[in-house]
1. I'm told B:TYR415 meets every condition in (1) surrounded by fewer than 21 Cβ atoms within 10 Å (Cβ to Cβ); (2) under 28 Å from the mean Cα position of the chain (by Cα); (3) more than 9 Å from chain A (Cβ to nearest Cβ) except one. Can you identify the failing condition by its number?
2. Looking only at region A:137-147, decide whether some residue is within 8 Å of chain B (Cβ to nearest Cβ), under 19 Å from A:LEU72 (Cα atoms) and without any contact (Cβ under 8 Å) to a residue 60 or more places away in the chain.
3. Would you mention how many residues in region B:449-470 are more than 7 Å from chain A (Cβ to nearest Cβ), buried (at least 18 other Cβ atoms within 10 Å of the Cβ) and among the polar types (S, T, N, Q)?
4. Can you tell me which residues in region A:148-183 are within 10 Å of chain B (Cβ to nearest Cβ) and among the polar types (S, T, N, Q)?
5. Please go through (1) at pLDDT 90 or above; (2) of a type in the set (Gly, Ala, Ser); (3) over 16 Å from the mean Cα position of the chain (by Cα) for B:ALA245 and return the number of the only condition it doesn't satisfy.
6. Would you pick out the residues in region A:132-174 that are more than 19 Å from A:GLY261 (Cβ to Cβ) and touching a strand residue (DSSP E or B) at 6+ places or on another chain (Cβ under 7 Å)?
7. Does region B:401-460 hold any residues that are outside any helix (DSSP H, G or I) and among the β-branched types (Val, Ile, Thr), and which are they?
8. Considering (1) away from every other protein chain (no Cβ under 14 Å); (2) among the aliphatic types (A, V, I, L, M); (3) crowded, with 23+ Cβ neighbours inside 10 Å; (4) assigned to a helix (DSSP H, G or I), say which one A:ILE215 fails and leave the rest.
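The values are calculated or read from the model by the stated rules, or taken from the named source; none is laboratory data. It should be emphasised that the depicted structure is a prediction, and the values quoted were computed from it without experimental measurement. Quick reminder, even Gly has a Cβ in these numbers, built from the backbone with ideal geometry, and neighbours come from all protein chains shown.
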Amino acid sequence: MNFPVLTICLLAPLIAALILIFLPRDEERLHKAVAAAGTFTSLAISLYVYFSYNRELGGLQFVERIPWINDLGVSYFMGVDGLSLPMLLLTNLIGFSAVFASWNVKKRTKEFFVLLMVLVAGVMGTFIAQDLFIFLLFYEVVVIPIYIMVIVWGSSKRVTKEYAGMKLTIYLLIGSAFLLASVIATFVKSVQITGVPDMSFHGLGQVPFPEQFQIYMFLLMLIGFGSLLSMWPLHSWSPDGYAGAPTAVSMIHAGVLKKIGGYGLIRLAVYVMPAGAAYWAPFIAVLGIAGCAYAAMSALAQKDLKYLVGYSSVSHMGYVLLGVAALNSVGINGAVANMFAHGVMAALFFSMIGFIYEKTHTRWIPDLGGLARQVPRLAVGFMMAAMASLGLPGLISFIPEFTIFVGSFERFGLLAVVAIAGIIITALYVLRAGANTLFGPPRQEYDDLKDIKGPEMVPLVVLGAVLVVGGLLPSLLFDVINSGVEPIMAHIADYLPTAVQIGGGY
Amino acid sequence: MPFDYSLITTELIVAALGLAVLVLGLIAPENRQKGLGPITVLGLAGALAAAVLMWNVQGELFGGMFVVDKFAYFFKVLFLSAAILVTMGCTQYVSNMGVHGEYYSMMIFAVLGMCVMASAADFITLYLGLELMTISFIILAAVNRTDGRSVEAGMKYLILAGLSSAALLYGLSLVYGMTGTIMIYDTAQLIVAENISPVLILGLAMLVAGLGFKVSVVPFHMWSPDIYQGAPTPVTAFLAVGSKAASFAVLLRLFAAGLNGMAGTWAMLVAVLAALTMVIGNLLAIPQTNIKRMLAYSSIAQAGYILVGLVSANEAGIKGVMFYSFLYVFATMGAFVVVAAVYNKVKSDEIEDYAGLAQRAPLLAAVLTISMLSMAGIPPLAGFVGKFYLFKTVIADYFWLALLGLIMSMISVYYYLRVCLVMYRDEPKENTPIEIPGNIAVVLMVAMLGTIILGIYPGPLSELTNTAAETFFLH
């Protein structure tokens, strides 16, 4: 067996958490340093994995497989393919940045960083696990640390942090109940059909499930993953939750955690239940577009920066759903790339808003203005995230969105045009927020604000660099993703209707 | 016919220990009474070692009335481990009550009753074991003589347990009347789907009521919140784990083995009761402000989940019940030992008095959180795997039950998190750290690591329960 690169990548934050537990309470700088070291190790390893992944060969690489629970056919099965790899990198980029975005946390730093490390490891685990059971073990590791972080370090504005935390937690858990039910049913059915328990995604993918069964199961999985992806109308936890959460949690939640929903939808639901996917695809597309339009309109009405970005992230997830629903390789490529792009952008956005809030003690747009003069570096980060959000060519999110539109136009024609219109609304609210916050006459009360500097610059530099590099060299991202999507498309090709007859039952 | 008494080594050790502790409690001077705790732990550990070492020695005693199979051993190991954990974790609590000899000896006799229940293969032995356990628990509930609520709990348990025993006995006699045998495995041969009479169904209903009371299945659950709250915390903990697991062992023998022929008659009934139990247990737990009362309702809900394993009445279901009962030991012991440790310091079981526990005693807060989340079945903790095994047995035929169970367990997170909220968010009323004595720390670590390890790496326990469940039908 190879050197367990992925396991080490996964364990680095957990080891950091263990070290943190044994450090004295008041060594705040040390806590931060340990957390930074842990996430940096993971980031370095995932960069190494990303660039040494053999794209020509494709498929699963860096595989580790140890039998785990024999009677359930579970194995500790880690590996990355073109689908997992960008997500793994994204997780660690954001995890590393989140540590620095939390540099100014003063209250109970030890507990904060322990929970943050568990959070990062949990998210990472879902993306590299190639066994459904192990995937589930990681799937909810994160829920409880997030709850505790929201109630202890969160902020109460429009809703209390207790309400926000509980809403977020319960929404996600109830969603996952549907997912768990479908997973158990799928497993039992697969044993009935093949006689051999096998919980790996690949193994389940080979089982010929009856079509009706696939249709039911896909719906349950869609509810589970959809609520995590903040699919309209299961999205309402998302703006409230992000607004209540501390910066690091908003970054990780909007940046990567949500993406587990999209990832799971492709990895599990579409791959294992292709007939179900074909049946529900138009439904997903409609929900995706509804989410896009509805959330963009809601964002227009927001005056709190975090709510604005919260709704904007719901709206962007609509594009992801649209790309998945297209069920062609162009669309799914776009969906995965958009998840990556949105992750980087949302994390940057939330970290900049976090700094603005820390310094001005407000996120209320009418109370802000002219910050570009006083805190230019912060303003640069804010504007980069804003431009990426509206899909400015040259930044990372333009090509993915464009790809989704190409993929979905092929399938849904006119329907996709509505989604494209969503871009215009996005531009409207993002530019307006940028203008009202950063530009205009500077306000006196903000004259002595200190610009971000030192460790605070890390999120801007790391995430900003990815925004630009990803925009200029999109092939860095797309080659990898495509090598992961092609096999999936080849696998499910038999189930897909032709472009005209999409949607079996409709 | 000579009997091979070596088969009941475990029971013999426990009985001898019980008598010895009873006598020692009477003759030992006041200031030496504390030593009874370690003696109990050591003795029980000896019995546990015997049960583990004799894992492969199987057989029958007394003409088949007492069967010693891996199923029985598994449950004996479970009772003994639970008793050891609770005794070790609560010595300070017991010292504070000032009652030693009676407490420890009754605890041991309760374990003896449970061991007999796990091996019982006829109605008489079953009833003997059950009553030995119940009477010990009645005394234990009232053991804190100076506390009005404890005495009240004992009285309530006496009356209600008496009623339930009556229902159980009546059910047993009806089944006996229809089949002419008291041997459970002979009953299995005699009852087939063709000869189910209304009287038999009445007997069945009585059995469900009698045993439903013991495992606190809705609508026979009313007693448990009052008694859980009133009884001393270690007794509550052992009642929640031991009494429940022992009654499930009996329930499995009676229904999955003895009355398997009429499974068509009772499977739906049990499924509906399980659903009701999960829903009502979880919903009533939400408004509670006393942690013991909340855990009581949560333990009602847990009974609902475990009952799911009985619905399918096959090996997989039995395995699910065994697996879940075992992980439930760790979760419940973890939670109640924390409750006892907090009570030692703050003299209160109200949730609001847990404010700031995460800062005063991070270990206590962490163990309580992990134990509760395991009960809720959140991966990667043991409860999730347990629910996976339980619900997988019914998902094909009773999909609604599995989905309901999963949704209810997610809803249960709501009231568990309210405790976390108080522990983690709120500032403590006083800032003094709560020191944790070594014995409690050991129990807490065992409970926490057990919960986490069983969740991440359940393979070994799963295989163990598989082999144990295989022996269940081989009689």
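1. Here B:TYR415 clears every test but (1).
2. We begin by selecting, within region A:137-147, every residue within 8 Å of chain B (Cβ to nearest Cβ); these are A:137-141, A:143-144, A:147.
Remaining after also requiring under 19 Å from A:LEU72 (Cα atoms): A:137-139.
Next, from what is left, pick out any that are without any contact (Cβ under 8 Å) to a residue 60 or more places away in the chain: A:137-138.
Yes, the conditions are met somewhere in region A:137-147.
3. 2
4. A:THR169, A:SER176, A:SER182
5. Only one criterion in (1) at pLDDT 90 or above; (2) of a type in the set (Gly, Ala, Ser); (3) over 16 Å from the mean Cα position of the chain (by Cα) is unmet by B:ALA245, namely (3).
6. Scanning region A:132-174 gives A:LYS157, A:ARG158.
7. Start the filter on region B:401-460 by keeping residues that are outside any helix (DSSP H, G or I), which leaves B:425-437, B:457-458.
The answer is B:THR432, B:ILE434, B:ILE436.
8. Result: A:ILE215 passes all but (3).
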